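What follows is a set of notes on a single structure, which appears directly below.
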Amino acid sequence: MMKTLTLSAALLAGTATFALAQENAAASREGGFGLGRPALPEEVAAWDWDVRPDGVGLPVGEGDVWTGEELFVDYCSACHGDFGEAVGRWPVLAGGEGTLTYEDPTKTIGSYWPYLSTVVDYVHRAMPYGQAESLSPDETYAIVAYLLYLNNVVDDDFVLNQDTFHDVEMPNADGFFMDDRDETEVVAWTREPCMSDCTEGEVEITMRATILDVTPEEDDEEEASAEPEVVEEAAADTGPSPELIAAGATIWRQCQACHEVGEGARNRVGPALNGIVGAEAGMRENFRYSPAFQEAAEEGLVWTEENLIAYLHDPRAFMPRSRMVFNGIDEDEDIRAVLAYIMSETPQ
Amino acid sequence: MSDGKSFSPSRRSFLTASAAAGGALASGKLVHAQAAPDPAIIDPQPWRQYLGPGVDNAPYGMPSPYETEAVRRTVPWLTADLVSSINFTPLHELDGIITPNGICFERHHGGAAEIDPAEHRLMINGLVDTPMVFTMEDIMRFPRENHVYFLECAANTGMEWAGAQLNGCQFTHGMIHNVQYTGVPLRLLLEEAGVQTNGRWLLAEGADAAGMTRSIPMEKALDDCLVAFKMNGEALRVEQGYPLRLVVPGWEGNMWIKWLRRLEVGDEPWHHREETSKYTDLLEDGDARRFTWVMDAKSVITNPSPQAPITHGPGPMVLTGVAWSGRGTIPRVDVTLDGGRNWHQARMSGPSLDKSMHRFYYEFDWDGSPLLLQSRAIDSTGYVQPTKEQLREFRGENSIYHNNGIQTWYVNENGEAENVEVG
């Protein structure tokens, strides 16, 4: 009863924040709740590999610039370009020194990143894109050494390890300062605002979004009709079952970071895969295949289902030095499913 | 001037201003004469005659098939692919303060992790007395709290620094959602592990393919952060971090680590990629602000706006929008119809909660002449939302993040709205 009265009084006062004061914070318990369990040292080691600017967390290992170049071309250049110049809208990793005051600055590892630890941590943590946790510490150090070389931070004989890490000076190390909005902007803008005749004369339009015309337009009809068609085709065909195709659609998510399939599929990090089953290897137009792929194509490799199963089981064993960064799919049935999905998505 | 083409007429069929011209003014009220009986009344309606679907027709209900506009949309040219990308909440289709779960904007750096909750673990390690592991079941046994908070991406409105660019409040302001979270105060989980006296920072890490990490000062972690498992009453959506996400009230969305799997206590910040290379604010002189965590007070008029033109012609109309501040509540929003020359206090409606979105209305009679609409939020600390020009004076145009400048919509005599800047 008491509570209801207080609440309605607060509502009458028109301040719901008053009502919020009724919230009773969840209380601590002396000595804890006894929930959860202690983490084992092996468990902490398996997840705790973050790196700090002072070098805490650096893995044991080392890598040199030229090993890094080879790895970079294989694993990274499809998005970042051979020299960190980037493909499409993927991040530019090198260059840009002195551009931070420009109208369109180029923020790279060399021109912007204040700490080397961030590069080691991020490459090891999240790269290659779509294949995280696949680089060894040695490979990580080598790729980072190459990135430093591309940014003119080290010479070509540099070897990066947990000791030489401390010798590297990042060009923009001093380019950052702690948020100062409270002392600058907030004080300037905390004041009673003007309510009438606030501008000198009439207000005029100085810029319009329609001139740029970069807002996406919708194409409702095309989107609406795309999915049902696939299902019907699959049902009418004597080919793979809808269940297999559906299972393949789930597996396809492992591929879609790099590949496209379907109407209007484009080459991206990897080539477009329309009609891949039965196609000659390395024959997509305008795709820059690795030398390994070019050789295989010259030798007449055809992507029969058998070959694709062998390749997708273990890409690096089937074709060493292929640029495809993918650990492979264990089960034959899963590979058949994803191939069924790709073929079902392929325009007739 | 607009030729109407840029407003994608296919999206909505316009009723032109002339539709209302049949009205006649009698005793101060606009009266519309109906020439012939309305078929919507005269003709039998199938839904009145025949039975509709029974219960369980949709075990998880979806919006009416007529509600096709309230969907997330992306801007394809913004990012290299759709996996490390962003889409936008359709603010112009919403009212009140709560964002429905299915249309909360998405921002992923390595796609949305699809996690089996039975295989999810939360680890706390670092400068703690006992490194701990919690299952989801463990976490559900801690006392929990409910709070409504906005989550705004630091890059919201980031495409507008150099000038008006995208036509629609969904695209200019849609990297935000406002949700009621249910979760365990982070403080309780940290107490379970026992934070050591030199533990001044926390690294939160996600289980996604980006292994997203952010450093959070311990003071904030112990103050009001939550480890949440429910949003608007139901389990977190996959794309919002199912089964567990960090809630960092009032601070930039990137810190609200989704698919939260680890919290490490340390004595210094980690300076990881998302707090150095990204989410730092480059100023005109080439130096950059870091750790710009708080989201400044901001507002936008959602209706009318480029995706939601005035379709009813002159007369009474409802102007509405949303406002929020990472520093408190929004007791007041002002609205101008003439580009900032004269302002009117809007009417706040609905709950006014700390670090939550607020709803405002301004009702007026539109005379059919062009409008330059703006809204200006004033938060509970007295901070007044700045103009874009004021922002640029402090920051230049290369900041990308934290653009909370006042938005202007130009509405022409047909009711079509356009994103513009004024001077």
- Query: Points 7 angstrom from Cα along the Cβ direction at A:Ala45 and B:Leu222: gap in nanometres?
  - Reply: 3.2
- Message: What does the C-alpha gyration tensor say about the overall shape of region B:298-420? Classify as rounded when a/c is under 1.5, otherwise prolate if a/b is larger than b/c, or oblate.
- Response: oblate
- Message: Could you compute how much accessible surface A:Thr250 exposes when probed at 1.4 Å, giving the result in Å² to the nearest 10?
- Response: 80
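What FRET efficiency would be calculated for the residue pair A:Ile211, B:Thr381, taking the C-beta separation as r and a Förster radius of 30 Å, to the nearest 0.05?
With a Förster radius of 30 Å, E is 0.20.
Give, rounded to the nearest 20 debye, the magnitude of the charge dipole that region B:298-420 has about its Cα centre when Lys and Arg contribute +1 at Cβ and Asp and Glu contribute -1 at Cβ. Write down the numbers at each step before the final one.
On the way: 11 positive and 13 negative charges, 119 e Å.
Taking the Cα centre of region B:298-420 as origin, the dipole is about 580 debye.
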- Query: With all protein chains present, how much of the accessible area of chain B (probe radius 1.4 Å) comes from carbon and sulfur, to the nearest whole percent?
  - Reply: 53
- Query: Can you tell which of B:Gly339, B:Ile301, B:Gln390 lies farthest toward the positive end of the dipole of region B:298-420, using +1 and -1 charges on the Cβ of basic and acidic side chains (Lys, Arg; Asp, Glu)?
  - Reply: B:Gln390
- Item | Accessible area (Å², per residue) of region A:49-167, counting only protein heavy atoms and a probe of 1.4 Å | 40
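Per DSSP helix of 4 or more residues, -39500 (n - 2.57); summed, then divided by the residues of chain B. What does that give at 222 nm, rounded to the nearest 500?
Numbers: 7 runs with 39 residues, N = 423.
Only helices count here, giving -2000 deg cm²/dmol.
Sorting check: for B:298-304, A:113-119, which peptide has the highest mean count of neighbouring beta carbons within 10 Å, and how do the rest follow? Before the final figure, lay out the partial values.
Values: B:298-304: 26.4, A:113-119: 24.0.
Ranking the peptides B:298-304, A:113-119 by packing returns B:298-304, A:113-119.
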- Could you name every residue in region B:390-423 that has 30 Å² or more less accessible surface in the full protein assembly than in its own chain alone (probe 1.4 Å, ligands and nucleic acids excluded)? B:Phe394, B:Asn398, B:Glu418, B:Glu421, B:Gly423
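Within 10 Å of each Cβ of A:114-120, how many other protein chain Cβ atoms are there on average?
On the way: counts 6, 6, 0, 4, 8, 3, 0.
So the per-residue partner count for this stretch is 4.
Give me the summed buried accessible area for the A-B pair, 1.4 Å probe, to the nearest 100 Å².
Values: alone 23910 and 19950 Å², together 35090 Å².
Accessible area lost upon association: around 8800 Å².
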- Which Cys residues of chain A have no other Cys Cβ less than 4.7 Å away and so no disulfide-compatible partner by this rule? A:Cys76, A:Cys79, A:Cys255, A:Cys258
- Query: Which of the residues in region B:102-143 show a loss of at least 50 Å² in accessible area from their chain by itself to the complete set of protein chains, at a probe of 1.4 Å?
  - Reply: B:Met123, B:Val133
- Item | FRET E, pair B:Phe394, B:Trp77, Förster distance 41 Å, beta-carbon r, rounded to 0.05 | 0.90
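For peptide B:282-290, compute the average count of partner chain beta-carbon atoms within 10 Å of each residue's beta-carbon.
Details: counts 7, 3, 2, 3, 10, 7, 8, 7, 6.
That average works out to 6.
Can you tell me the length gained on complete extension of the stretch A:Glu202 to A:Glu133, counting 0.36 nm per residue apart and subtracting the Cα distance? It would help to have the intermediate numbers written out before the result.
Details: separation 69, 0.36 × 69 = 24.84 nm, distance 5.96 nm.
Between A:Glu202 and A:Glu133, full extension yields 18.9 nm more.
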- Contact order normalised by residue count of chain B, Cα under 8 Å, 6+ apart, percent: 17
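What's the average, rounded to a whole number, of partner chain beta-carbon atoms within 10 Å of each residue's beta-carbon in A:39-52? Don't skip to the end; give the middle numbers.
On the way: counts 12, 2, 2, 0, 5, 8, 1, 1, 10, 8, 1, 11, 3, 10.
Average neighbour count from other chains, rounded to a whole number: 5.
Quick check: residue separation of B:Glu363 and B:Val318 times 0.36 nm, minus the Cα distance between them. What number comes out in nm? Please report the intermediate quantities before stating the final value.
Details: separation 45, 0.36 × 45 = 16.20 nm, distance 0.47 nm.
So the extension gain works out to 15.7 nm.
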- Item | Which of B:Ile310, A:Ile205 is most accessible, then next, and so on - probe 1.4 Å | A:Ile205, B:Ile310
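Using the Cα centre as the reference, give the magnitude of the dipole from point charges on the C-beta atoms of region A:49-167 (Lys, Arg: +1; Asp, Glu: -1; all else neutral), rounded to the nearest 20 debye. Spell out each step's value before the answer.
Numbers: 4 positive and 21 negative charges, 112 e Å.
My answer is approximately 540 debye.
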- Which sequence of A:Asp156, A:Asp163, B:Asp379 reflects their accessible areas, 1.4 Å probe, from the largest down? A:Asp163, A:Asp156, B:Asp379
- Note on the structure: Taking a label point 7 Å from the Cα of B:Ser349 along Cα-to-Cβ, the residues of region B:151-181 whose backbone nitrogen sits under 12 Å from it are none
- Run the dipole for region A:246-335 about the Cα centre, Lys and Arg Cβ at +1, Asp and Glu Cβ at -1, nothing else charged, and hand back the magnitude in debye, nearest 20. 620
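Which order do peptides A:80-93, A:164-177 fall in by mean Cβ count within 10 Å, highest first? Intermediate values should be presented prior to the final figure.
Working: A:80-93: 17.5, A:164-177: 15.3.
Peptide ranking by packing, descending: A:80-93, A:164-177.
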- Message: Rounding to the nearest 10 and keeping the result within 0 to 90°, find how far the Cα-based axis of helix A:242-252 lies from the longest principal axis of chain A.
- Response: 70
- Message: Quick check for you: with a 1.4 Å probe and neighbouring chains kept, what is the accessible area per residue of region A:225-345, in Å²?
- Response: 56
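Holding the Cα-Cα limit at 22 Å, pick out from B:Lys220/B:Lys388; B:Lys220/B:Lys355; A:Lys107/B:Lys220; B:Lys298/B:Lys388; A:Lys107/B:Lys355 the pairs that are longer than that. The partial results should precede the final answer.
Details: B:Lys220/B:Lys388 29 Å; B:Lys220/B:Lys355 14 Å; A:Lys107/B:Lys220 30 Å; B:Lys298/B:Lys388 12 Å; A:Lys107/B:Lys355 32 Å.
As for pairs spanning more than 22 Å Cα to Cα, those are B:Lys220/B:Lys388; A:Lys107/B:Lys220; A:Lys107/B:Lys355.
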- Query: Comparing A:Ala281, A:Ala188, A:Ala337, which has the greatest mean-square fluctuation in the GNM of chain A with Cα pairs linked when under 10 Å apart?
  - Reply: A:Ala188
- Item | Positions from region B:367-385 whose accessible area shrinks by 50 Å² or more when the full protein complex is built, not the chain alone, probe 1.4 Å | B:Tyr383, B:Val384
- Note on the structure: Taking a crude spin-label model, label points 7 Å out from Cα along the C-beta direction, the A:Arg321 to A:Ser28 distance in nm is 6.1
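Round to a whole number: what % of the accessible area of region A:225-345 belongs to carbon and sulfur, probe 1.4 Å?
Numbers: 3370 of 6790 Å².
Ligands and nucleic acids excluded, carbon and sulfur reach 50 percent.
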- With a/c under 1.5 counting as rounded, go ahead and sort region A:289-348 into rounded, prolate or oblate using the C-alpha gyration tensor (a ≥ b ≥ c being the square roots of the eigenvalues; past the cut-off, prolate if a/b is larger than b/c, else oblate). oblate
- Taking a crude spin-label model, label points 7 Å out from Cα along the C-beta direction, the B:Lys278 to A:Met195 distance in nm is 4.4
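Per residue, how many Å² of accessible area does region B:376-419 show with a 1.4 Å probe? Don't skip to the end; give the middle numbers.
Working: 1180 Å² over 44 residues.
Averaged over the residues of region B:376-419, the accessible area is 27 Å².
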- Query: Counting only protein chains, not ligands or nucleic acids, how are A:Cys79, A:Cys198 ordered by accessible area (probe 1.4 Å), most first?
  - Reply: A:Cys198, A:Cys79
- So, by mean Cβ neighbours within 10 angstrom, what's the order for A:44-50, B:126-132 with the highest one leading? B:126-132, A:44-50
- Could you tell me what percent of the accessible area of region A:49-167 is made up of carbon and sulfur, with a 1.4 Å probe and every protein chain present? 49
- Message: With the cut-off at 1.5 for a/c, could you classify region B:133-290 from its C-alpha gyration tensor as rounded, prolate or oblate?
- Response: oblate
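The values are calculated or read from the model by the stated rules, or taken from the named source; none is laboratory data. Values in this document were obtained by computation on a predicted structure and should not be read as measured data. In this analysis, Cβ positions are derived from the backbone assuming ideal geometry, glycine residues included, and neighbour counts consider all displayed protein chains. For the accessible areas, the whole protein counts, side chains as well, though only heavy atoms, and no ligand, DNA or RNA atoms are used. Shrake-Rupley method; radii C 1.70, N 1.55, O 1.52, S 1.80 Å.
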